[in-house]
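Engineer: The structure under discussion is supplied below as structure tokens; questions concerning it will follow.
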Amino acid sequence: MQRAAVILAAGKGTRMQSETTKVLHKVGGRMMVDWSLNLADQLKCQKRILVIGTHSDDLRQVAMDRVGEAGIAVQDPPMGTGHAVQCAESVLRGFEGMVVILYADTPLLPVSAVEAAFEALEQGGDISVLGFDANEPGGYGRLICNDDGELLEIVEAKDASSEQLAVSFCNSGVMAVRSKELFELLGKVTNANAKGEYYLTDIVALGRERGLKAVAVKCSEEDVLGVNSRVQLAEAEQVFQSQKRKALMESGVTMTDPETVYFSFDTEIGRDVSIEPNVVFGPGVSVEEGVEIRAFCHLEGCRISSGSQIGPFARLRRGADLGKGVRVGNFVEVKNTRMDDGAKANHLAYLGDGKVGARSNIGAGTIFCNYDGYFKHATVLGEDVFVGSNSALVAPLTLGDSSFIGSGSVITDDVPEHALALGRGKQHIIDGWASAYHADMKQKKQNQDK
Ligand code: UD1
Ligand code: MG
């Protein structure tokens, strides 16, 4: 049976205290709305509908990029979760299959939990709801079940009796229903409740009145952690990080102090990579097997091939592309630069917008001067080039294979293969100059002190 996901994102997220719309905040380097869209993809939903409000042009733009006009439903004004789903009806016209309702502020929901909800429909259920045992049930809707585990109704905290409030089995908000029943039941929902809203949750009791079967499927509280505030955003981040660390260690990555290493949603790390403390992986990093990443490195948008050694204190930025057995040492920054196999930049350098051929050695203090204040230019080094310490390579520039740059040079013109280039003042020697200087100065000082 076909699947569709309706993702609710019309809320304002006032408690974030932010100019940025709530679901555009990031967890693990990815916007929360993208987590939900990705989940829908992984669930193989043929249709993905984002329900958005009218308060955020930024969210609208993101929605256009991700699902296009045909996947957007606008809810204006927001009148409750039931109303929000109803707004997706026209967009889903003609769709026959199972619909799952997701919240765009619940980034960590695993595929397996939602699969279980779909499965409950395939096994004879008409409505399935993901529920969890809440540590603090507080404002959550309560799942009221009979002794056979069948779901009778969902009662919102504000409408619940004290007996119902004592129930700790709570509604996550995730619900799967066949489209036909979903929209038929939503048509019957009223706003006669404490909040004066159209509750999606009311379709459970309405369904049962018509002889439909509702079931609650249990998931963990962590799975459905919702983000309403910055504190919860940080909580979600922590959960993501600890899950990712664990998954990577299980796949063969060594971390001396995993709690101090931060990953992104798409970080890829091969077997037998070792990572020392205090390393940050921004989005877009992939690391092949056997790489050693030493303490205090910051990496994003880069690729590191097998057997390389990075850091301590290295920074790899967007487009850093390291071949096998490359070394990037302390206080070296690499951006948009390919380093071929065995190339080395061991200390204090900036390599931007360049290419470093195999086995070339970049001395301490080398700078690729890539920017003239208006445009960026390329620095291209052949194989086996030796760049002496403290050299400024002024791009655009090409250094031929096996060329040699004398220390302290400012190199502005291309250097042919096998040549030596010196771009610095010539050294003069004046014999005895220092002793004559000191004798003269001492005499002057004595005269003055008299
Ligand atoms: C809802 C559930 C509650 C559940 C809780 C889990 C209902 C009536 N209640 O309550 O049972 O325990 O979530 O977190 O469904 N939204 C819209 N349009 C609206 C209202 C909400 O798009 O008009 C979106 C919000 O952006 C959010 C989601 O729906 O993503 C949930 O809305 P929220 O107001 O947080 O619902 P709760 O009161 O928390
Ligand atoms: Mg909520």
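Where a number appears in this text, it was derived from the coordinates with a stated rule and is not lab data. Computed from a predicted structure; not experimentally measured. When we count neighbours, we look across all protein chains shown, and the Cβ atoms used for this are built from the backbone with ideal geometry, even at glycine.
Engineer: What list of ³J(HN,Hα) values in whole Hz, one per residue of region 6-23 in order, does the Karplus curve 6.51 cos²θ - 1.76 cosθ + 1.60 (θ = phi - 60°) give from phi, with Gly and Pro shown as x?
Structural biologist: Couplings: 10, 10, 7, 8, 8, x, 7, x, 3, 5, 6, 6, 9, 6, 8, 3, 3, 6 Hz.
Engineer: Scan the chain and note any complete DSSP helix (H) whose C-alpha atoms cover at least 20 Å along its axis and whose Kyte-Doolittle average is -1.0 or more. Before the final figure, lay out each step's value.
Structural biologist: On the way: long enough: 230-250 (30 Å, -0.76); 433-449 (24 Å, -1.86).
Correct list, ordered by number: 230-250.
Engineer: Using Cβ counts within 10 Å as a stand-in for footprinting exposure, how do Arg271, Arg294 rank, fewest first? Write down the numbers at each step before the final one.
Structural biologist: Details: Arg271 12, Arg294 19.
Neighbour counts put them in this order, fewest first: Arg271, Arg294.
Engineer: Right, here's the next one. When N is the residue count of the chain, what does its C-alpha Rg come to as a fraction of 2.2 N^0.38 Å? All intermediate terms of the calculation are to be shown ahead of the outcome.
Structural biologist: Values: Rg = 31.2 Å, N = 450, 2.2 N^0.38 = 22.4 Å.
Normalised Cα radius of gyration, the chain: 1.39.
Engineer: While we're here: Output wanted: per-residue J couplings in Hz (rounded whole) for region 80-95, from phi through Karplus 6.51 cos²θ - 1.76 cosθ + 1.60, θ = phi - 60°, x for Gly and Pro.
Structural biologist: Here the 3J(HN,Hα) series is x, 5, x, 4, 4, 5, 4, 4, 8, 4, 5, 5, 8, 3, x, 7 Hz.
Engineer: Moving on. Among Ala314, Ala439, Ala116, which one shows the highest mean-square fluctuation when the chain is modelled as a Gaussian network with alpha-carbon springs under 10 Å?
Structural biologist: Result: Ala439 has the largest fluctuation of those listed.
Engineer: Mind checking which of Asn191, Asn228, Asn171 has the largest fluctuation in a GNM of the chain, springs on alpha carbons under 10 Å?
Structural biologist: Of Asn191, Asn228, Asn171, the most mobile in the Gaussian network model is Asn191.
Engineer: Enter the Cα centre distance for the pair region 337-380 and region 391-438, rounded to the nearest angstrom.
Structural biologist: Result: 18 Å between the Cα centres.
Engineer: Same structure, new question: Relative to the present Cα-Cα distance, how much length would full extension add between His377 and Val280 at 0.36 nm per residue of separation? Intermediate values should be presented prior to the final figure.
Structural biologist: On the way: separation 97, 0.36 × 97 = 34.92 nm, distance 2.84 nm.
The His377-Val280 span can extend by a further 32.1 nm.
Engineer: Let me know the charge dipole size of the chain about its Cα centre in debye, to the nearest 20, where only the beta-carbon of Lys, Arg (+1) and Asp, Glu (-1) is charged. Numbers along the way, then the final one.
Structural biologist: On the way: 46 positive and 60 negative charges, 308 e Å.
Dipole magnitude for the chain comes out near 1480 debye.
Engineer: Restricting attention to region 384-443, which trypsin sites (Lys or Arg not before Pro) occupy a DSSP loop and are surrounded by at most 12 other Cβ atoms within 10 Å?
Structural biologist: Lys426
Engineer: Over region 51-159, what per residue volume does the convex hull of the Cα atoms give, in whole Å³?
Structural biologist: Details: hull volume 16.5 nm³, N = 109.
For region 51-159, the hull spanned by Cα atoms encloses 151 Å³ per residue.
Engineer: Same structure, new question: 5 Å is the cut-off here: which amide hydrogens, built 1.01 Å from N in the peptide plane, fall below it relative to Gly408, excluding neighbours closer than 5 in sequence?
Structural biologist: Correct list: Ser389, Asn390, Ser391.
Engineer: In this model, which of Lys22/Lys376; Lys22/Lys158; Lys12/Lys244 are farther than 31 Å apart at the alpha-carbon?
Structural biologist: Details: Lys22/Lys376 36 Å; Lys22/Lys158 24 Å; Lys12/Lys244 29 Å.
Among Lys22/Lys376; Lys22/Lys158; Lys12/Lys244, the Cα-Cα distance tops 31 Å for Lys22/Lys376.
Engineer: Still on this structure: Grab the beta carbon distance between Arg15 and Asp257, set R0 = 30 Å, and tell me the FRET efficiency rounded to 0.05. Present the calculation step by step, with values, prior to reporting the outcome.
Structural biologist: Values: r = 33 Å, r/R0 = 1.10.
E between Arg15 and Asp257, to the nearest 0.05, is 0.35.
Engineer: Scanning the chain for chymotrypsin sites (Phe, Trp or Tyr not before Pro) in DSSP loops with at most 11 other Cβ atoms within 10 Å, what's the longest stretch left with none? Intermediate values should be presented prior to the final figure.
Structural biologist: Values: sites that count: Tyr374, Phe375.
The reported range is 1-373.
Engineer: Name the long-range amide H neighbours of Val27: under 5 Å, sequence gap of 5 or more, or other chain; modelled H, no Pro or chain starts.
Structural biologist: Here Met32 satisfy the definition.
Engineer: Quick one: Karplus J couplings for region 339-349, per residue in order, coefficients 6.51, -1.76, 1.60, θ = phi - 60°, nearest Hz, x for Gly and Pro?
Structural biologist: Residue by residue, region 339-349 yields 10, 6, 3, x, 6, 9, 9, 8, 8, 6, 8 Hz.
Engineer: OK, next. With both bridge residues required to lie in region 3-224, what share of the DSSP beta bridges run antiparallel, to the nearest 5%? Before the final figure, lay out the partial values.
Structural biologist: Working: 18 of 38 bridges.
Percent antiparallel among DSSP bridges in region 3-224 is about 45.
Engineer: Semi-axes of the equivalent ellipsoid of region 125-242: what are they in whole Å, largest first, if each equals the square root of 5 times a C-alpha gyration tensor eigenvalue?
Structural biologist: Working: eigenvalues 126, 50, 45 Å².
Ellipsoid semi-axes (Å, largest first): 25, 16, 15.
Engineer: In square nanometres, what is one fourth of the surface area of the convex hull spanned by the alpha carbons of region 3-224?
Structural biologist: Working: hull surface 47.0 nm².
Its Cα hull, projected and averaged over all orientations, spans 11.8 nm².
Engineer: How many nm separate the modelled label positions at Ser161 and Ala192, each set 7 Å beyond the Cα in the direction of the Cβ?
Structural biologist: 1.8 nm
Engineer: So if each residue of separation counts as 0.36 nm, and I subtract the Cα-Cα distance between Gln123 and His428, what length gain in nm does that give?
Structural biologist: 100.7 nm
Engineer: Please report, in Å, the Rg and the Dmax of region 230-421, where both are computed over Cα atoms only.
Structural biologist: That works out to 17.8, 60 Å for Rg and Dmax.
Engineer: Next question. Please check: in the Gaussian network model of the chain (C-alpha springs, under 10 Å), which one of Ala104, Ala117, Ala134 has the largest mean-square fluctuation.
Structural biologist: Ala134
Engineer: How much length, in nm to one decimal, is gained on full extension between Asp272 and Phe404, taken as 0.36 nm per residue of separation minus their Cα-Cα distance?
Structural biologist: Working: separation 132, 0.36 × 132 = 47.52 nm, distance 3.59 nm.
Roughly 43.9 nm would be gained on extension.
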